[in-house]
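Trainee: What follows is a structure written as structure tokens; I'll ask about it next.
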Amino acid sequence: MKITVLTLFPEILRGFFESSIMARAVKAGRIEYELVNIRDYATDRHRKCDDEIFGGGAGMLMLPGPLGRALDAHGARTARTVFVTPSGRLFNQAYAADLAREERLVVVCGRYEGVDQRIIDEYVDDEISIGDYVLSSGEVAALVLVDAVYRLIPGVISGESLAEESFSGHGLLEYPQYTRPAVYGTIKVPEVLLSGHHANIAAWRLKAQIRKTLAYRPELFASAGLPDEVRRLLKEIVTEGGIDEPYPEDSGSAD
Ligand code: SAM
């Protein structure tokens, strides 16, 4: 995949692309990237990239001219072009997996109050929000998006590591994990995890996943296609705990 990020602050992103797993993926030729400074496409003496908003209101908006020229120069019209914005569609693991199938990804980082709507209408395929909060700029959001996407590209990290993560498989949260020592202070690792009995370990982990999902993200049980085993264990856990089942089998929705 080739990833192009358009930004007014490429230095915020550079360290990420030059470090750790991303650096290895680049070296191995699985990822190609370019950080484009939008200011290089400004034409005036002051390299101006923002201006006041028509109709009034606080703050400034990114000018369409420099950004449009940068997008044209870097093939945005023939790539999947996304703009990170709090007013976009909410990002999640399935969305990341969808973007990971692209050959070319162009990410536009906003600043100030955002970008001129005509840029969105003309170039942007997806407006994506990384969460229901407002950041001061798009660079951090772009990093979140790129990080979630590139690690799903085959060969970047092992398929085994991906298979057991939160939101994978059954779509539940990950089970609690432990490493050495088996006793830390006074706290022991659950006995079953030291038993070497793979079936019992898998059963313990599934139940722990269900408990954790029930505590933090009960709405995840509303997703279609939960295996019967998960539904059965969920029922068992809520009955044991005397709590209401979050989404009974026949409701089929979080609403
Ligand atoms: N005026 C915008 C609004 O109310 O929706 C907020 C602009 S924000 C201060 C500046 C830039 O940060 C945005 O253009 C966007 O690129 C980025 N940004 C902020 N929060 C974000 C979020 N939750 N998801 C994605 N990008 C975000």
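Trainee: Of these, Glu165, Glu174, which one is modelled with pLDDT of 95 or more, within 18 Å of the chain's Cα centre (by Cα) and not in a helix (DSSP H, G or I)?
Mentor: The unique qualifying residue is Glu174.
Trainee: Same structure, new question: Only one of these is touching a Ser or Thr at 6+ places or on another chain (Cβ under 8 Å) and among the small types (Gly, Ala, Ser): Gly196, Gly171, Gly185. Name it.
Mentor: Among Gly196, Gly171, Gly185, only Gly171 is touching a Ser or Thr at 6+ places or on another chain (Cβ under 8 Å) and among the small types (Gly, Ala, Ser).
Trainee: Mind counting the residues in region 212-248 that are surrounded by fewer than 18 Cβ atoms within 10 Å (Cβ to Cβ), within 26 Å of Leu194 (Cα to Cα) and under 26 Å from the mean Cα position of the chain (by Cα)?
Mentor: 2
Trainee: Return yes or no: is Leu206 assigned to a loop (DSSP other than H, G, I, E, B), modelled with pLDDT of 95 or more and out of contact with any Gly (no Cβ under 7 Å at 6 or more places or on another chain)?
Mentor: No: the conditions fail for Leu206.
Trainee: Could you tell me which residue of region 177-189 is nearest to the chain's Cα centre (by Cα), considering only residues that are assigned to a loop (DSSP other than H, G, I, E, B) and not charged (D, E, K, R)?
Mentor: My answer is Gln177.
Trainee: May I pose another question? Could you list all residues from region 111-155 that are outside any loop (DSSP other than H, G, I, E, B) and acidic (Asp, Glu)?
Mentor: Within region 111-155, Asp121, Glu122, Asp126, Glu127, Glu139, Asp147 meet the criteria.
Trainee: Follow-up. Examine region 116-126 for a residue that is under 16 Å from the mean Cα position of the chain (by Cα) and in contact (Cβ under 8 Å) with a residue 24 or more places away in the chain, and state whether such a residue exists.
Mentor: The answer is yes, given that some residue of region 116-126 is under 16 Å from the mean Cα position of the chain (by Cα) and in contact (Cβ under 8 Å) with a residue 24 or more places away in the chain.
Trainee: Can you pull out the residues in region 2-44 that are assigned to a strand (DSSP E or B) and among the aliphatic types (A, V, I, L, M)?
Mentor: Residues satisfying the conditions are Ile3, Val5, Leu6, Leu35, Val36.
Trainee: If I ask for residues that are assigned to a loop (DSSP other than H, G, I, E, B), closer than 15 Å to Leu35 by Cα and either of a type outside the set (Gly, Ala, Ser) or not assigned by TED's automatic domain parsing to the domain that holds Val144 (or both), which ones from region 45-92 would you list?
Mentor: Scanning region 45-92 gives a single hit, His74.
Results for (1) touching a residue at least 60 places away in the same chain (Cβ under 8 Å); (2) more than 20 Å from Pro10 (Cα to Cα); (3) surrounded by fewer than 19 Cβ atoms within 10 Å (Cβ to Cβ), shown as yes or no for each residue.
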residue	(1), (2), (3)
Tyr33	no, no, no
Arg39	no, no, yes
Glu52	no, yes, yes
Gly56	no, yes, yes
Leu61	no, no, no
Pro66	no, no, no
Ala70	yes, no, no
Gly75	yes, no, yes
Thr81	no, no, no
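A quick yes/no check of all residues on (1) within 11 Å of the ligand (Cβ to nearest atom); (2) crowded, with 18+ Cβ neighbours inside 10 Å; (3) assigned by TED's automatic domain parsing to the domain that holds Leu173:
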| position | (1), (2), (3) |
| --- | --- |
| Leu105 | no, yes, no |
| Glu113 | yes, no, no |
| Val124 | no, yes, no |
| Arg151 | no, no, no |
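The values are calculated or read from the model by the stated rules, or taken from the named source; none is laboratory data. Only a predicted model underlies this, so the values are computations on that prediction, with no experimental measurement involved. For neighbour counting, all protein chains shown are included, and Cβ atoms are generated from backbone atoms with ideal geometry for every residue, glycine included.
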